[in-house]
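Report on the following structure.
The values are calculated or read from the model by the stated rules, or taken from the named source; none is laboratory data. The structure presented is a predicted model; accordingly, all values stated were derived computationally and were not measured. Neighbour counts run over all protein chains shown; Cβ positions are idealised from the backbone, glycine included. Surface areas here come from the heavy atoms of the whole protein model, side chains and all, with no ligands, DNA or RNA. Shrake-Rupley method; radii C 1.70, N 1.55, O 1.52, S 1.80 Å.
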Amino acid sequence: MTDRTETDEILDGYLTADFDPLQAFVFDDDTDADDEAPSVLAEGPFNMPNPEAAPQFQRDLVAFDNGETAEERIDALFAQMPTFHKMLFTIMGTCASPLPTADLEEVIAEMKRHHHSVYEPLTLCNLLERAGAIAQTDENGTPLAEVEQEPLRVEVEGVEYWRVAPAPEVFWSLTEAGAAKLDSYRPMEMIAALYEAEPQYGAIFTTCLELCARDGGASLREIGDVVDDEPVLQNPKRYAMYFIDKLEHAGAVEWTGQWSATEHGRAYLHADNEN
């Protein structure tokens with residue numbers, strides 16, 4: 001006769017009349033019943049849903065605008081929006097000189113033609129403004145909060161009145177913190193870093209970049225047909241998208257309906273050919 005195991009004893013317990021499956025799987029909890037969170041079905045004041053019963057979600061990242069300095073807020077914003085770096089940098093660069101809202105919206109709308117985004121143009125501007133990268137100013141770059149508007153003196157049927165002056169036209173200007181962040185964006189160095197980090201794939205990066213530099217760019221399938229079967233990509237297995245993704249984040253290629261080389265990507269190829 002074999003020895004009884006702990007599993008056998010548990011199974012025997014299941015068969016007893018006193019077995020309560022609900023109690024058998026209760027987990028110990030140090031929280032008193034009186035201290036438990038209110039039910040999501042509990043009513044609050046005036047028969048409205050209880051706001052204290054709303055689920056509490058823990059965020060992995062602290063909100064970007066909790067940073068103490070503009071530099072911290074800008075870095076946090078970029079960390080939370082990794083796929084929007086090119087758009088954010090382009091907006092910042094466009095605002096190097098005061099730019100009217102309508103003109104800036106046109107620039108962003110053009111970028112969005114090839115970069116799907118749920119954000120409206122002004123939403124991106126407001127995010128950068130909250131971070132401290134750009135600011136609303138007048139045409140001279142003076143922050144709107146510092147612009148003094150003199151009331152207008154008007155005369156109606158011989159009677160003089162003071163009328164509130166219309167709000168000044170809104171321009172967007174790059175701040176000092178934004179300029180510092182923009183200066184850190186150096187695609188040529190970032191592209192070179194790709195080659196340095198993975199020298200075994202140097203020829204693959206170059207081939208992908210050359211295909212994207214053709215007139216009209218190249219599709220991912222076209223790039224894959226050229227590089228996917230290269231021996232160096234078999235172990236570990238790599239595909240074209242691996243290299244396109246890295247080149248895109250480095251500012252060497254961009255999506256324009258096809259994968260196309262940017263001005264920085266073309267400049268890097270030109271410099272590499274000269275060497």
Each label sits 7 Å from Cα toward the beta-carbon; between Asp138 and Ala267 the label points are separated, in nm, by 3.6 nm
With every protein chain in place, the accessible area of Val170 for a 1.4 Å probe, in Å² rounded to the nearest 10, comes to 40 Å²
Partner lysines whose C-alpha sits under 20 Å from that of Lys86, ignoring same-chain residues fewer than 8 away, are Lys112, Lys181, Lys246
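Sequence gap at least 6, Cα distance under 8 Å: using those rules, report the relative contact order of region 236-275 to the nearest whole percent. Before the final figure, lay out each step's value.
Numbers: 20 pairs, mean separation 9.6, N = 40.
Computed over region 236-275, the figure is 24 percent.
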So, with points 7 Å from each Cα along the Cβ direction, the His249-Glu222 label distance in nm works out to 2.6 nm
SASA check, Thr69, accessible area w/ 1.4 Å probe, all protein chains in place, rounded to nearest 10 Å², comes out at 50 Å²
extent check for region 234-275: Cα max minus min per principal axis, descending, whole Å, gives 32, 29, 15
For Cys208 the rounded accessible area (nearest 10 Å², probe 1.4 Å, non-protein molecules ignored) is 0 Å²
The relative contact order of region 92-219, taking Cα pairs under 8 Å that sit 6 or more residues apart, comes to a percentage of 29 percent
Spelling it out for Ala133: with amide H atoms placed in the peptide plane at 1.01 Å from N, the residues 5 or more places away or on another chain with amide H under 5 Å from its amide H are none
Per its Cα gyration tensor (rounded if a/c is under 1.5, else prolate when a/b beats b/c, else oblate), region 187-274 is best filed as oblate
